[in-house]
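Here's the structure, in structure tokens; my notes come after.
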Amino acid sequence: MTRAAPPKRHLAAEIAAAIRSGDYRAGEWLRQVDLEESLGATRFDIRAALAELALRQTVEHVPNRGFRVAQPDRQRLRDMLAVRVLLECEAALGALPRLDEAALRLLERKADAFDHAVADGTTTSQSATNLDFHDTLYGFAPNRALVEVAVEIRDRARLWPLVLWPSVRALRRSAEGHRDILAALRSGDPARVAQSVRAHILGSAANDPDLEKLVQD
């Protein structure tokens, strides 16, 4: 019997996830030899992954020096939030007709998990439970291509933990946003659902006037 080939790793996604989790800070150089060792990958595969991330502007390639984590660009982040609004509102509206009481209770448990992480969890658990709430909601949307693009754009904008939640106040505001979305979904009102998702996304710290100071600190 022929043994099935192991699934191909997406090293670019693994490196991007490490950046989002705070393992590497904005402006930090990414030493390829360290990535080879930590990821158990070849020099060729690591370089290909970094080149892919450079095209996405997740990292910056400096000729004759290497790759470093890209610095957050406030205007670019705002532009990406505007794109997220378009995509994620459509995903939520697509999911709305498919949400029965069991689905709504599931989403409420996901919101509860984020609340607990906000109260006494780590940055990693906060990020994971936040994404779980949104991914569960969009999982009910029938247009899978739309959801895939929405998630890709969201993850590009979530590279810098300080930008996402620079304060406890920002975390709590995010938790309140989940509750607003849940209430809107329970109402069954498409306009209210779209408004709640829009407000939640645009409430990002990328629109905070103190963002530049927070990133520099």
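Between the helical axis of 190-202 and the longest alpha-carbon principal axis of the chain there is an angle of about 40 degrees. Ranking of Trp165, Trp29 by neighbouring Cβ atoms within 10 Å, starting from the fewest: Trp29, Trp165. Under the simplified labelling scheme, the Thr136-Ala54 pair shows an inter-label distance of 4.1 nm, with each label point 7 Å from Cα along Cα→Cβ.
Contact order for the chain, expressed relative to its length and based on alpha carbon pairs under 8 Å spaced 6+ residues apart, stands at 24 percent. Between Asp45 and Ala82, the C-beta separation translates, for a Förster distance of 30 Å, into a calculated FRET efficiency of about 0.30. Computed 3J(HN,Hα) for the stretch 72-84, one whole-Hz value per residue from the Karplus formula 6.51 cos²θ - 1.76 cosθ + 1.60 where θ = phi - 60°, is x, 10, 4, 5, 5, 4, 5, 4, 5, 5, 5, 5, 4, glycine and proline marked x. Can you compute the FRET efficiency between Leu93 and Asp23 using 1/(1 + (r/R0)^6), with r the Cβ-Cβ distance and R0 = 30 Å? Round to the nearest 0.05. Efficiency computed from Cβ-Cβ geometry: 0.25.
Dipole of the chain computed with +1 at Lys/Arg Cβ and -1 at Asp/Glu Cβ about the Cα centre; of Ile19, Gly66, Ala183, farthest Cα towards the positive end is Gly66. In the Gaussian network model of the chain, springs joining C-alpha atoms below 10 Å, which of Thr129, Thr58, Thr42 carries the largest mean-square fluctuation? Greatest mean-square fluctuation among the candidates belongs to Thr42. Each label was represented as a point 7 Å from its Cα along the Cα-to-Cβ direction; for Asp112 and Arg186 these points are 1.3 nm apart. Diffusion coefficient of the chain by Stokes-Einstein, Kirkwood radius over Cα pairs, 37 °C, 0.692 mPa s: 176 µm²/s.
FYI, it's all coordinate maths here, none of it is from the lab. Keep in mind that what you see is a predicted model, and the values were worked out from it rather than measured. All Cβ positions, even for glycine, are placed from backbone atoms using ideal geometry, and neighbour counts span all protein chains on display.
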